[in-house]
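What follows is a set of notes on a single structure, which appears directly below.
The values are calculated or read from the model by the stated rules, or taken from the named source; none is laboratory data. Nothing here was measured: the structure is a model prediction, and the numbers come from that model. So basically every Cβ, Gly included, is an ideal-geometry build from the backbone, and we count neighbours across all protein chains shown. Note: areas computed on protein heavy atoms with side chains; ligands, DNA, RNA excluded. Shrake-Rupley method; radii C 1.70, N 1.55, O 1.52, S 1.80 Å.
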Amino acid sequence: MRRILRERIVKNDLPPGSKLSEAEIAKSYGISRQPVREAFIKLAEEGLILIRPQRSTLVTKIDYPTVLQSRFVREAVEADIVRLLAQNPDPALVKELRAQLQRQIKIGKTSSPDFINEDEKFHRTLAEAAGKDVAWQFVEGLKSQMDRVRFLSFELFPIDTLIEQHTAIVDQIEAGSPDAASRAMRRHLNEILKTLPQIIQKNQVYFDRCEDLATEGAPSIWE
C-alpha cells in the first residue's frame, strides 16, 4: 500500500494539498484500514504526507530545501558508484546499459513520463551492479521530494541532454576511467538545478519554503 500511494504522490496524481482518508482508501482498494494506516506512517516519515490526528491527513507541499539536500546526497553516492564500476569495467553491464540507452532514445521521442521510469532503471542498474543495493534503497527514500519535481516538470526535461549525459557515463565506465565517470555523473545530477527556478515559478502553489534561497546550492541556480 505504501508503494502504491507513494507512486501516486510522486507522480502528482495526488497533488500537494490533497486530503487522504484511511477509510476511503481502504474501501477503494478492498483492504482493511490497518495497511493503509501503516502506509500513512511510512509516508509521513518520508515527508510526503502530514498526519493531523482527529483532523485530516494531507499530501504535503514539495519542500524546496529538501530537494536540494537530497540531490546533494544522491550526487555523492552515485558519483562513487560509477567510480567503482569504472575501476573494473564489466562488458555484460556495459552491454545492458547500451541497450537501455537505445530504449531511452526511443521512448524519449514519444513519452517524457515513461522516460523518467527508464532514467530510474538506469541509475538503479548502476547501483545494483556495484553491489550497492542498500545504498540505493537509502537514496530512494531520500529523493522522494526530488522525484515529485521531476514528474511535475517532465515537459521541461531536456531529454536529449540527459541521454547524452547517460551515454558519457557509460563511455567512461567502459573506458575504465573512474575520475571521468565520477565527473560525468556529477554533471548529470546537477542538471535539475538548471530548470528548478523555472519549475518553481510555474508551480509555486506546490512548493514550500521556496523563498529560502540561502539554502546550500540555491544562489547559483537563480543567477
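Of the listed values (i) -0.39; (ii) -0.32; (iii) -0.25, identify the label whose number matches log10 I(q)/I(0) by the Debye sum over Cα atoms at q = 0.08 Å⁻¹ calculated from this model.
Of the labelled values, this structure produces (ii).
For Lys42, list the lysines whose Cα falls under 16 Å from its own Cα; do not include residues on the same chain fewer than 8 positions away.
Within the straight-line limit of under 16 Å, Lys42 reaches these lysines: Lys143.
Over the chain, what is the relative contact order in whole percent, taking alpha-carbon pairs under 8 Å and six or more residues apart?
It rounds to 29 percent for the chain.
So what is the accessible area of the chain per residue, in Å², with the probe set to 1.4 Å? Mind dumping the intermediate values first?
Values: 11430 Å² over 223 residues.
So the chain comes to 51 Å² accessible per residue, rounded to a whole number.
Counting only protein heavy atoms and using a 1.4 Å probe, what share of the accessible area of segment 20-81 belongs to carbon plus sulfur, as a whole percent?
The value for segment 20-81 is 54 percent carbon and sulfur by accessible area.
Any idea what angle helix 192-202 forms with the longest principal axis of the chain, computed on alpha-carbon atoms, 0 to 90 degrees, nearest 10?
Approximately 30 degrees, to the nearest ten.
What nm distance separates the two modelled labels at Arg37 and Glu164, each placed 7 Å from Cα along Cα→Cβ?
Label at Arg37, label at Glu164, 5.4 nm between them.
Skipping prolines and chain starts, which residues have an amide H placed within reach, meaning under 5 Å, of the one on Ile49, given they are 5 or more residues away or on another chain?
Ala44, Thr60
Over segment 90-216, what percent of the accessible surface lies on carbon and sulfur atoms, probe 1.4 Å?
Values: 3130 of 6200 Å².
Here it works out to 50 percent.
Tabulate in residue order the Karplus-calculated ³J(HN,Hα) for segment 4-18, using 6.51 cos²θ - 1.76 cosθ + 1.60 with θ = phi - 60°, rounded to whole Hz; enter x for Gly and Pro.
5, 5, 4, 4, 5, 6, 4, 7, 6, 5, 10, x, x, x, 5
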